[in-house]
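Inspection log for the structure reproduced underneath, given as structure tokens.
Taken together, the values in this text are just the output of simple stated rules run on the coordinates, not laboratory data. Since the structure is predicted, the reported quantities are computational estimates derived from the model, not experimental observations. All Cβ positions, glycine included, derive from the backbone under ideal geometry; neighbour counts span all protein chains shown.
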Amino acid sequence: MVQEQIEKKIADAYREKFPMSKQRHEKLINYIPGGATRSLSYFKPYPIHIDYGQGAYVYTHEGHKLLDVTNAYGAIVHGHGDPDVVKAVQEGIVKGSQYSTPTDGQYKLAKLLCERVPGFDKVRFLNSGTEATMFAMRTARAFTGRDKILKMSGGFHGTHDSVAASTKKNVITAGIPKGMTQDMLEVPFNDFDAMEKVIRENASDLAAVIMEPFLGAGGIVLPKQGYLEHARKLTKDHNVILIFDEIFSFRVNTGGCQKLWGITPDLTTVGKVVGGGLPIGVFGGKEEIMNIFCHENTATPLYHSGTFNGYETLMQAGYAALSKYDENAVGYINSLGDRFQKGLLESFVSNGLKIQSNQIGSLLNLHFYNESITTAEQVLCSEEQLHSLMHLSLLNKGIFNIPRGLFILSTSITENEIDHMVSKIDETLKELLPLIEEKYNHLLL
Ligand SMILES: Cc1ncc(COP(=O)(O)O)c(C=O)c1O
């Protein structure tokens with residue numbers, strides 16, 4: 001059978017190329033369930049183990065050089081071991097790493113963020129995107145005195161209890177008490193009427209609408225024309241706080257999608273690239289809302305603390321990365337994304353395939369689906385077997401991307417490397433073509 005032959009060929013090549021990952025996996029599973037400390041880094045037959053990274057590449061223990069287009073799920077934007085980030089970290093550690101007080105690094109990074117992101121008058125730092133959305137939601141609830149929050153299906157906001165619904169099909173989110181989600185409402189992304197209806201019907205209890213400007217982890221699904229404007233108008237009209245979760249989307253512009261598309265939310269979360277590859281979360285927004293945390297403004301400020309908040313070494317590393325992620329850098333990395341998209345679309349047509357690639361800036365998600373994708377539901381219909389095979393096959397060819405077809409670029413990648421990657425994806429599609437013809441012929445032109 002074609003299917004078995006292709007599966008065997010790709011898996012055998014993977015096992016042959018990465019035997020040291022297998023050895024390490026077999027040791028690690030004795031101490032970490034599944035041999036992976038995050039659900040997403042596990043894949044069959046066993047996850048790849050990386051030894052180190054340098055610039056656009058990561059290196060395996062076998063000595064194989066892989067073009068890294070995971071870039072730490074978007075946290076790394078200048079490639080591995082960026083000299084300015086490394087210098088900031090080295091100097092920071094030598095100076096004592098952190099002091100649990102306000103610092104110059106916090107000032108520099110907060111100022112830069114407030115200058116760049118239209119929705120930031122004031123910000124607060126924490127340690128992950130998950131914490132950032134948790135606190136943005138708490139801030140909205142505390143400020144309005146209301147409990148309900150509306151989110152979009154397919155939107156990913158981290159792993160805290162009230163937003164933990166996964167964007168993946170094959171994982172569960174058991175263990176969350178009903179009470180944690182009873183005040184969460186959900187409508188499909190890009191559905192104008194559903195959003196309007198739920199906001200109208202719940203306005204008096206609704207603290208906030210939280211949304212990504214485009215679905216990121218949910219498949220790079222862009223908003224329909226006017227959708228974000230609709231969200232802004234409805235929330236304003238009904239006195240509901242609009243939160244843009246830009247933890248993933250921030251990198252498409254120096255000031256995130258809100259700057260790109262000219263829609264300013266009341267609260268915003270960012271993370272990932274903002275920490276220069278180190279763990280960070282940031283939430284912030286309008287002064288009148290953020291002053292709820294201010295000891296100088298109220299006798300009883302909203303409590304927000306954390307051992308590692310505003311960790312000085314990280315602040316300096318984040319500033320080093322972000323200050324050089326300027327208009328030029330964003331222009332360059334986005335042009336790489338456009339080139340990648342163009343090459344892929346040509347490859348799809350030349351292989352007679354009706355599959356999709358959703359791209360914005362340096363983020364691109366390939367979908368084994370035969371219509372243009374505007375909803376999270378369509379993304380879930382993308383053929384998972386083809387994603388798994390393509391991912392393994394690309395590793396065999398020296399390309400390291402995210403298993404669900406997601407590619408995240410860095411400024412250390414060149415145009416030649418983009419063209420090389422397109423040619424490797426093209427080869428992989430040719431390899432998969434007999435299987436597509438046999439089992440997935442709805443994907444043929
Ligand atoms: C839009 C968005 N929000 C929140 C998060 C959670 O961030 P973290 O993984 O740092 O907790 C992510 C992570 O992928 C994200 O993409």
*Flagged links, alpha-carbon separation over 30 Å, of LYS95/LYS286; LYS111/LYS224; LYS236/LYS324; LYS354/LYS397*: LYS95/LYS286; LYS111/LYS224; LYS236/LYS324
_Dipole-positive endmost among VAL198, LEU314, LEU234 within segment 84-323 (Cβ charges, Cα centre)_ = LEU314
*What FRET efficiency comes out for the pair LYS65/GLU384, r = Cβ-Cβ distance, R0 = 22 Å, nearest 0.05?*
0.20
_Checking understanding here: applying a Kyte-Doolittle mean of at least -1.0 and a length along the axis of at least 20 Å (C-alpha), which whole DSSP H helices in the chain pass?_
129-144, 327-350, 415-439
*Springs between alpha-carbon atoms under 10 Å, Gaussian network over the chain: tell me which of ALA174, ALA140, ALA231 tops the mean-square fluctuations.*
ALA174
*Just list whichever of LYS151/LYS272; LYS272/LYS439; LYS151/LYS430; LYS178/LYS233 have alpha carbons separated by over 28 Å in the model shown.*
LYS272/LYS439; LYS151/LYS430; LYS178/LYS233
*Theoretical FRET efficiency, 1/(1+(r/R0)^6), r = Cβ-Cβ of ILE93 and ALA13, R0 41 Å, to 0.05*: 0.50
*When only Cα pairs under 8 Å and 6 or more residues apart are kept, what is the percent relative contact order across segment 84-323?*
33 percent
*Would you look at the GNM of the chain, springs on alpha carbons closer than 10 Å, and say which of ILE355, ILE210, ILE172 moves the most?*
ILE172
*Among GLY271, GLY79, GLY352: highest mean-square fluctuation, GNM of the chain, C-alpha pairs under 10 Å*: GLY352
*Extension gain (nm, one decimal) between GLN23 and GLU229, 0.36 nm per residue minus Cα-Cα*: 68.9 nm
*Report the extension gain between TYR31 and GLN5 in nm, rounded to one decimal, defined as 0.36 nm multiplied by the number of residues separating them, less their alpha carbon distance.*
5.9 nm
_Given the DSSP H assignment, sum -39500 (n - 2.57) over each helix run of at least 4 residues in the chain and divide by its residue total; what's the result at 222 nm in deg cm²/dmol, nearest 500?_
-13000 deg cm²/dmol
*Among the chymotrypsin sites (Phe, Trp or Tyr not before Pro) in segment 73-120, which ones are in a DSSP loop with at most 16 other Cβ atoms within 10 Å of the Cβ? Mind listing them?*
TYR99
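Return a whole-number percent for the relative contact order of the chain, with Cα pairs under 8 Å and 6 or more residues apart as the contact set.
So the answer I get is 21 percent.
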*Relative contact order for segment 1-143 using alpha-carbon pairs under 8 Å, separation at least 6, rounded to a whole percent?*
12 percent
